[in-house]
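The structure appears below as structure tokens.
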Amino acid sequence: MHTSYTVGITTSEYLALNYVMSDQQEWIENFIQNRARIAIEDIILKYTTYKINKGEPITAVGATEVLQAAYDEGVISIVPS
């Protein structure tokens, strides 16, 4: 699965960002990917701790499967908007 986001900014915001960064698109992509990486690590830790505390085996293999299992088993949930 691939998801794209479009963000609109004003001319003033665009000009201001040009002053502090050379590639706004790259900065935004790096920010989002790094935040996702941090969340992945946190979820994997929570799920692993949950399974160990319950004395259950971890059968999910790979980050995507572990994240999906964490949702499916109620260890984590989507943040309400």
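The values are calculated or read from the model by the stated rules, or taken from the named source; none is laboratory data. Note that the structure is predicted; figures quoted are calculated from it, not measured. Glycine also receives a Cβ, built like all others from the backbone with ideal geometry; neighbour counts cover every protein chain displayed. Just so you know, the surface numbers come from the protein's heavy atoms only, side chains and all, with ligands and any DNA or RNA stripped out. Shrake-Rupley method; radii C 1.70, N 1.55, O 1.52, S 1.80 Å.
Observations
- Additional length obtainable on full extension of the chain from THR11 to ILE52, 0.36 nm per residue less Cα span: 9.6 nm
- In the chain, the portion of solvent-accessible area held by carbon and sulfur atoms comes to 58 percent [1.4 Å probe, whole percent, DNA, RNA and ligands not counted].
- Nearest-10 value in Å² for the accessible area of LYS54, using the 1.4 Å probe: 110
- Shape category assigned to the chain from the gyration tensor of Cα positions, a/c cut at 1.5: prolate
- Linear extension gain, GLN33 paired with TYR19, 0.36 nm per residue minus alpha-carbon span: 2.7 nm
- Charge dipole (the chain, unit charges on Cβ, about Cα centre) - positive-most of TYR71, THR49, LEU15: THR49
- Neighbour cut-off at most 14 other Cβ (10 Å), DSSP loop, chymotrypsin sites (Phe, Trp or Tyr not before Pro), the chain: TYR5
- Per-residue [θ]222 nm for the chain (sum of -39500 (n - 2.57) over DSSP H runs n ≥ 4, rounded to 500): -21000 deg cm²/dmol
- Here the contact order of the chain, divided by its residue count and restricted to Cα pairs under 8 Å and six or more residues apart, works out to 21 percent.
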